[in-house]
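Worksheet: the structure to be examined is printed underneath.
The values are calculated or read from the model by the stated rules, or taken from the named source; none is laboratory data. Since the model is a prediction, treat every value here as computed from it, not as a measurement. Note that each Cβ is placed from the backbone with ideal geometry, even for glycine, and that neighbours are counted across all protein chains shown. Just so you know, the surface numbers come from the protein's heavy atoms only, side chains and all, with ligands and any DNA or RNA stripped out. Shrake-Rupley method; radii C 1.70, N 1.55, O 1.52, S 1.80 Å.
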Amino acid sequence: MARKNYLKEHEPGKYEYMMFTLEILPHLETVQTQAQEMYETLIEQKRKAWGVNEELKEKDWLKWVQLANNARDEARQEVLSELILVPTT
């Protein structure tokens, strides 16, 4: 939905063209799939790099939650800035 809203607000001509030619749904599905894959990969990489694992969870639950949430939030921001909120080519 974020991608659709971005196109409507920032690229209305492209959005209208994609709606008219029925390209919008395949485009949104492709972006959604790529975004989900990127998000999951980034979270996994960040958690591994930051040591967010079961050992930390047992040792310091609060820190584990904080780092897990930070990984999720950073991954979300990266996906938005690199894949969702970018001009079409």
TM-like helix rule applied to the chain (DSSP H, alpha carbon span at least 30 Å on the long axis, mean Kyte-Doolittle at least -1.0) gives 24-50
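To the nearest 20 debye, what charge dipole does the chain have about its Cα centre, counting +1 at the Cβ of each Lys and Arg and -1 at the Cβ of each Asp and Glu?
On the way: 12 positive and 16 negative charges, 36 e Å.
Computed charge dipole of the chain: roughly 180 debye.
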For T88 paired with T41, estimate the spin-label separation in nm (one decimal), with each label point 7 Å from Cα along the Cα-to-Cβ line. 2.4 nm
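Using a 1.4 Å probe on the protein chains only, how many percent of the accessible area of the chain belongs to carbon and sulfur?
Values: 3470 of 6500 Å².
Exposed carbon and sulfur together represent 53 percent of the surface.
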I'd like the accessible area for L56, computed on protein heavy atoms only with a 1.4 Å probe and all protein chains in place. Round to 10 Å², please. 30 Å²
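Please list H27, H10 from largest to smallest accessible area, probe radius 1.4 Å, with all protein chains kept in place.
Working: H27 45, H10 115 Å².
The ranking, largest first, comes out as H10, H27.
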Within straight-line cross-link reach of K63, lysines at Cα separation under 16 Å, skipping those fewer than 8 residues along the same chain: K46, K48
Determine the equivalent ellipsoid of the range 49-89 by diagonalising the alpha-carbon gyration tensor, then write out the semi-axes as square roots of 5 times the eigenvalues, largest first, rounded to whole Å. 31, 8, 5
Provide the solvent-accessible area of L22, counting protein heavy atoms only and rolling a 1.4 Å probe, rounded to the nearest 10 Å². 140 Å²
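Using a 1.4 angstrom probe, figure out how much accessible area the chain has per residue, in square angstrom, rounded to the nearest whole.
Values: 6500 Å² over 89 residues.
Averaged over the residues of the chain, the accessible area is 73 Å².
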Treating only the Cα positions of the chain as identical point scatterers, give the base-10 log of I(q)/I(0) from the Debye formula at each q in 0.16, 0.18 Å⁻¹. -0.68, -0.77
